[in-house]
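The values are calculated or read from the model by the stated rules, or taken from the named source; none is laboratory data. What you see is a predicted model; the values in this text were computed from it and never measured. Backbone-built Cβ (ideal geometry, glycine too); neighbour counts: all protein chains shown. We work out accessible area using only protein heavy atoms, side chains counted, and drop any ligands, DNA or RNA first. Shrake-Rupley method; radii C 1.70, N 1.55, O 1.52, S 1.80 Å.
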Amino acid sequence: MKRPWSGQVEKEEEDRVPQHDPNNPLCPGNTRANGEVNPDYNNTYVFENDFPALQPDAPDPGFNQHPLFQSKAARGVCKVMCFHPWSDVTLPLMTLPDIIKVIDKWAELMVDLGSTYPWVQIFENKGAMMGCSNPHPHCQVWASNFLPNEATLSDRCQREYLKTHGEPLLLQYAKMEAERQERVVVQNADWLAVVPYWATWPFQTLLLPRRHVQRLTNLTAQEREGLASIMKRLLTKYDNLFQISFPYSMGWHGAPTGPYLKEDQFHWQLHAHYYPPLLRSASVRKFMVGYEMLAQEQRDLTPEQVIHLGNRPRL
C-alpha cells in the first residue's frame, strides 16, 4: 500500500450516463442485436441473452477413454435481467421498493430455472473495470446442468463442516461476526455484511442472513425488505469510499436446485459475495498476478484495516 506506484492507472468512467440512450440495446423500446424490440418496461425486465455461453442443446462431445481428455456437454440457459428502465441509476441509487422488485425477480427466476437445472448463478458485473460492456443497470442469470467448480467446493466445505461441528458453517460464522463486531460493515435485524476473515480482495464483502436460509426463494417478505435495505447501504458505502460508482463482481450462492431439491441440503447457508477490484484509489486496482497466481493469494490490507478505512469521516 505504501510503495510508489508507476504501473497501470485505470481511466475514470464517464459519470454522465443518459437516462435513455436510443442506441443502448438494454433500454426500453430499443432493438437488440437479434432484431427483437424491448417492451416499454417500467421496473425489471428479463430476456434470453443474445450471446449465450450456455445453450440447452449443446452437442455431446463423445466418449474419450483417456483420463487426461475427459469432457461432457455443458448445457443450460443464459438470461439478462435489467434492474430498472433508466440507464443512469445503479442499485444504491434505486428506491427500496424498486430494489425489492429486483430481489423478487431473482427469487422468481430461481423457482423457474431451479425446477430443472442443478445450479442457477445470479451475478452482476458492475463497471467497465469488471468487464461490463453496458452501463445500463443489469445482471445475468446462468442456469447449468452441472455444479460449477465454486459451487462444488462450497458444497463440500459446508457439508464437511456440518458433519464435524454440528452446525452450518456460515450460520455459525455469521453469529460469531455479529458478536465480535470487528469486521461488520453494515447490519440490520435480518442481515449482516462483513469483510470476511479470509478476504483477499481489498474491499471484499460477504452478505449473510442471520436466520438459517438455504435459498433466495426461502426468504420471507420481511427478510426481502431487510435485504433491499442492507444492499442499498452496503453499495452506498462502496460508492462513498472513493467517491465513484464503485466497480465489483457480485453473485449469490445457495443450495443447489433441480434434482438436489429432493435431497437434504441442511449444510447450506445462502450468501452473496462482492468482489471489488480497487486497492488504494479509484484508479489503482489490485492485480492478482505472479506469486498470487502461482503460489498463494496475498493480502494488501487486513479485513480490520478495511473496516477502519471505510469508517473514516468524509468532508
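If you check Lys11, Lys72, which single one turns out to be open to solvent by 50 Å² or more (accessible area, probe 1.4 Å), assigned to a loop (DSSP other than H, G, I, E, B) and in contact with a helix residue (DSSP H, G or I) (Cβ under 9 Å, 6 or more places away or on another chain)?
Exactly one residue qualifies, and that residue is Lys11.
I'd like the residue in region 42-56 that is out of contact with any strand residue (DSSP E or B) (no Cβ under 7 Å at 6 or more places or on another chain) and not polar (S, T, N, Q) and, out of all such residues, is most open to solvent (accessible area, probe 1.4 Å).
Filtering region 42-56 for residues that are out of contact with any strand residue (DSSP E or B) (no Cβ under 7 Å at 6 or more places or on another chain) and not polar (S, T, N, Q), the one most open to solvent (accessible area, probe 1.4 Å) comes out as Phe51.
Which one of the conditions (1) in contact with a Phe, Trp or Tyr (Cβ under 8 Å, 6 or more places away or on another chain); (2) among the aromatic types (Phe, Trp, Tyr); (3) farther than 17 Å from Ile100 by Cβ does Trp252 fail to meet, given that it meets all the rest?
Every condition holds for Trp252 apart from (3).
Checking the structure you have, find out if any residue of region 278-298 is within 19 Å of Leu170 (Cα to Cα) and either open to solvent by 10 Å² or more (accessible area, probe 1.4 Å) or under 19 Å from the mean Cα position of the chain (by Cα) (or both).
Within region 278-298, the first condition is being within 19 Å of Leu170 (Cα to Cα), and the residues that meet it are none.
For region 278-298, residues within 19 Å of Leu170 (Cα to Cα) and either open to solvent by 10 Å² or more (accessible area, probe 1.4 Å) or under 19 Å from the mean Cα position of the chain (by Cα) (or both): absent.
Does Pro118 qualify as being surrounded by 21 or more Cβ atoms within 10 Å (Cβ to Cβ) and either hydrophobic (A, V, I, L, M, F, W, C) or in contact with a Pro (Cβ under 7 Å, 6 or more places away or on another chain) (or both)?
Values: surrounded by 21 or more Cβ atoms within 10 Å (Cβ to Cβ): no; either hydrophobic (A, V, I, L, M, F, W, C) or in contact with a Pro (Cβ under 7 Å, 6 or more places away or on another chain) (or both): yes.
It is false that Pro118 is surrounded by 21 or more Cβ atoms within 10 Å (Cβ to Cβ) and either hydrophobic (A, V, I, L, M, F, W, C) or in contact with a Pro (Cβ under 7 Å, 6 or more places away or on another chain) (or both).
Can you name the condition, by its number, that Asn34 falls short on among (1) at pLDDT below 95; (2) closer than 26 Å to Lys105 by Cβ; (3) within 24 Å of the chain's Cα centre (by Cα); (4) not aromatic (Phe, Trp, Tyr)?
(3)
Being surrounded by 19 or more Cβ atoms within 10 Å (Cβ to Cβ), touching a residue at least 60 places away in the same chain (Cβ under 8 Å) and farther than 26 Å from Thr220 by Cβ is the requirement here; does Ser144 meet it?
Spelling it out, Ser144 is indeed surrounded by 19 or more Cβ atoms within 10 Å (Cβ to Cβ), touching a residue at least 60 places away in the same chain (Cβ under 8 Å) and farther than 26 Å from Thr220 by Cβ.
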